[in-house]
Amino acid sequence: MKKQAVELGRIRTGYSRPNPKPKGRPIPVRSETFIFTSHSRDYVAAAAEQWGGKVEGWTPQNSKIEQFRVITKAREIRAIMPSGDPLSQAYEMWTGGGCARRCDGEREQKSGQPCLCLAQYGPEWHRRSAREVCRPTSRISVMLPELPDLGVWRLDSHSYYAADGMAGSVDTVLQATGGASMMPVRMWIEQTTRVADGETKNFPVVKIVPAVPQLKHALSGPLSTAAALDPSSLVARPALEAAPAEMPDYLAEARGCRSAEAVREVWHKANRAGHVRRDGTDDLSRDLMQISRDVEAGIDPRTGVVDDDQDDTGPDSEGVYEGEVVEDGEGGDEPPTAYPAAAWPEVTQPGGGAQ
C-alpha cells in the first residue's frame with residue numbers, strides 16, 4: 001500500500017464565474033495567479049496572509065460541500081517536493097458520476113481494454129473535444145513550508161505542455177536522488193502561446209523546477225532536510241579565519257632574564273610582533289624598561305629581592321668602600337654591549353619624557 005502525506009488543500013490555476021444565462025453552465029476563467037482551496041479556513045487564511053488575496057467561501061462544481069478559497073496575487077511560489085514520486089499522470093475522462101476512464105495512452109485501466117480514444121478516433125484523437133476523449137491529467141503534491149501543519153497541497157493540470165515539463169523535472173530529480181530526499185522547487189504560471197491550424201491560442205502553463213543555487217546541487221544526490229528548507233545553505237561558505245594567536249607573556253619572559261640586554265631583546269621581540277609601540281609610550285614598554293632597570297640594579301624582578309651574589313660588604317672604619325679592579329679588554333676599550341642603550345626607544349630613556 002502506497003504511503004502518502006495528508007492532503008491539506010489544492011493549488012489551482014483557474015476558477016469559474018456565474019453564467020449570465022439562468023440555465024447556462026459556469027464560465028471557466030484562467031487565472032494569472034495561484035489559487036488555494038481547502039476545507040480549512042485557517043489554511044486558506046494563512047495562504048492569503050503569505051501571498052495576498054481575500055478569503056471567501058467556495059463550493060466546487062458538482063459538490064454540495066462548502067470549502068474556502070483565496071485567489072492570491074502570487075504568480076510564483078516556493079515549495080518542497082516530498083521524497084518518493086510525487087507526480088501522477090494519466091489520460092482521464094470525468095463525468096457526473098466520477099472518473100469514467102483512466103488510461104496510460106496504451107491501455108484503459110478500468111476496463112483493461114486497449115486505449116478507447118485511439119480505437120474510436122484514430123491517431124489524431126487528442127485533437128477532439130475534451131467532452132469526447134480523455135484529457136491529460138497531471139497531479140503533483142508539494143509541501144508549502146510557509147503554511148501551517150505537516151501535509152501536502154495538490155496541483156492538478158490538464159495541459160499537455162505542463163505534463164511534459166512536470167515529468168521532465170520530476171524524472172531528473174528522481175534520477176539524481178533516487179527519491180530518497182525532499183527537493184526545494186520553484187513553481188510559477190507562465191503564459192504560453194500556441195498556433196495550430198492557423199489559430200493562435202493563449203493559455204497558462206505551470207512550470208516546476210528545482211530551486212537550488214546551482215544545478216549541481218540538484219544532481220549531486222539526496223539533500224538533507226535542512227538544505228531542502230533553506231537551499232541557500234548549499235552555497236559554499238568561506239572557511240572561518242583562524243583565531244589570532246594569544247600575545248606571549250612578555251613580562252614573564254623578561255622577569256626570567258639575567259641581564260638588561262636580554263630584557264631589551266624581549267622588547268624588540270614584542271616590537272617585531274606589533275605588540276608594543278615603536279616610540280615606547282605604551283604600558284608594556286614601560287614595564288619592560290622598569291624590569292631592565294631592576295635587573296641592572298641587581299634586583300630579582302620576580303621577587304623584588306636583591307640577588308644573593310651581590311657584594312654586601314659595607315664601608316671600612318673610614319667610610320671607604322673596597323673597590324673592584326677590572327682588567328682592560330683587548331685594545332684597552334670596554335667591550336661593546338650586544339644591546340646598547342640606544343636600542344630602547346628614545347622616549348623610554350631616563351629623562352626621555354616617559355611617565
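List of remarks:
- Any hit, segment 230-241, residues being charged (D, E, K, R), farther than 30 Å from V173 by Cα, in a loop (DSSP other than H, G, I, E, B) and touching a residue at least 40 places away in the same chain (Cβ under 8 Å): no
- Residues that are aromatic (F, W, Y) and without any contact (Cβ under 8 Å) to a residue 60 or more places away in the chain number at least 1 in the following helices (runs of 4 or more DSSP H) confined to segment 114-221: 116-121, 160-177.
- Of note, A74 satisfies the criterion of being surrounded by 11 or more Cβ atoms within 10 Å (Cβ to Cβ), under 18 Å from S157 (Cβ atoms) and among the small types (G, A, S).
- Candidate set from segment 1-51 (those that are among the aliphatic types (A, V, I, L, M) and part of a loop (DSSP other than H, G, I, E, B)); member that is surrounded by the most Cβ atoms within 10 Å (Cβ to Cβ): A5
- Annotation: S88 fulfils all but one of (1) at pLDDT 95 or above; (2) assigned to a strand (DSSP E or B); the unmet one is (1).
- Within segment 213-226, the set of residues being modelled with pLDDT under 85 and surrounded by 14 or more Cβ atoms within 10 Å (Cβ to Cβ) comprises H217, A218, L219.
- The residue list E132, E124, E76 contains one member that is of a type in the set (D, E) and closer than 30 Å to T225 by Cβ, which is E76.
- Just one of the listed residues (G151, G122) is out of contact with any strand residue (DSSP E or B) (no Cβ under 9 Å at 6 or more places or on another chain), in the same structural domain as A226 (by TED's automatic domain parsing) and modelled with pLDDT of 85 or more, namely G122.
- The residues of segment 55-64 that are loosely packed, with under 11 Cβ neighbours inside 10 Å and either of a type in the set (D, E, K, R) or in contact (Cβ under 8 Å) with a residue 12 or more places away in the chain (or both), listed by number, are G57, Q61, N62, K64.
- Some residue of segment 194-212 being of a type in the set (F, W, Y) and modelled with pLDDT of 85 or more: no
- Residue within segment 89-107 that is under 30 Å from the mean Cα position of the chain (by Cα) and more than 19 Å from A162 (Cβ to Cβ) present: no
- Note on segment 269-293: residues that are assigned to a helix (DSSP H, G or I) and under 47 Å from the mean Cα position of the chain (by Cα) total 6.
The values are calculated or read from the model by the stated rules, or taken from the named source; none is laboratory data. As the structure is a computational prediction, the values presented were derived from the model and not from experiment. So basically every Cβ, Gly included, is an ideal-geometry build from the backbone, and we count neighbours across all protein chains shown.
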